[in-house]
1. If I model a spin label as a point 7 Å beyond the Cα along the Cα-Cβ vector, how far apart are those points for Ala32 and Asp56 in nm?
2. Using amide H atoms built 1.01 Å from N in the peptide plane, name the residues 5+ places from Phe29, or on other chains, whose amide H lies under 5 Å from its own.
3. Can you compute 3J(HN,Hα) from phi for each residue in the stretch 34-47, using the Karplus curve 6.51 cos²θ - 1.76 cosθ + 1.60 with θ = phi - 60°, rounded to whole Hz and x for Gly and Pro?
4. Under 5 Å between amide hydrogens, which residues at least 5 positions from Ser64 or on another chain qualify, with H placed 1.01 Å from N in the peptide plane?
Amino acid sequence: MKEQALLIRMDITEKDGWFVATSKDLDGFVLAHPSEEMLLDDLPSAIKMLIDARYDVNCKVVPSQFGKPKSKAKPPWLVIPAEVESIAIPAIAA
């Protein structure tokens, strides 16, 4: 994954009072919380831990600017290698 960004899409569902995030882009990823806010707060660190461990990298995870802002669809998450973060994050924010 060196110097390569990934776009991670999440499916968020509610089941039995729990909000559950899974991803077809991250095989085996499951994160659940009793509130959607808690789930969304923890998603970046959970994605980071899995990517860092799986690919032996150090990355930064941020929400992308893609998606439908006025819909309930959550934007995908962008995974950026730490070595290019100082270049990539300002470019995304612009």
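A short reminder: the numbers here are calculations on the coordinates, not readings from a lab. Remember, predicted model here, so these are calculated numbers, not experimental data. Heads up, the Cβs are rebuilt from the backbone with ideal geometry, glycines too, and the neighbour counts pull from every protein chain shown.
1. Using points 7 Å along Cα→Cβ, the separation is 3.3 nm.
2. Close amide H contacts, sequence-distant or interchain: Ser23.
3. In residue order, the calculated couplings are x, 10, 5, 4, 4, 4, 5, 5, 8, 4, x, 5, 5, 4 Hz.
4. Trp77, Leu78
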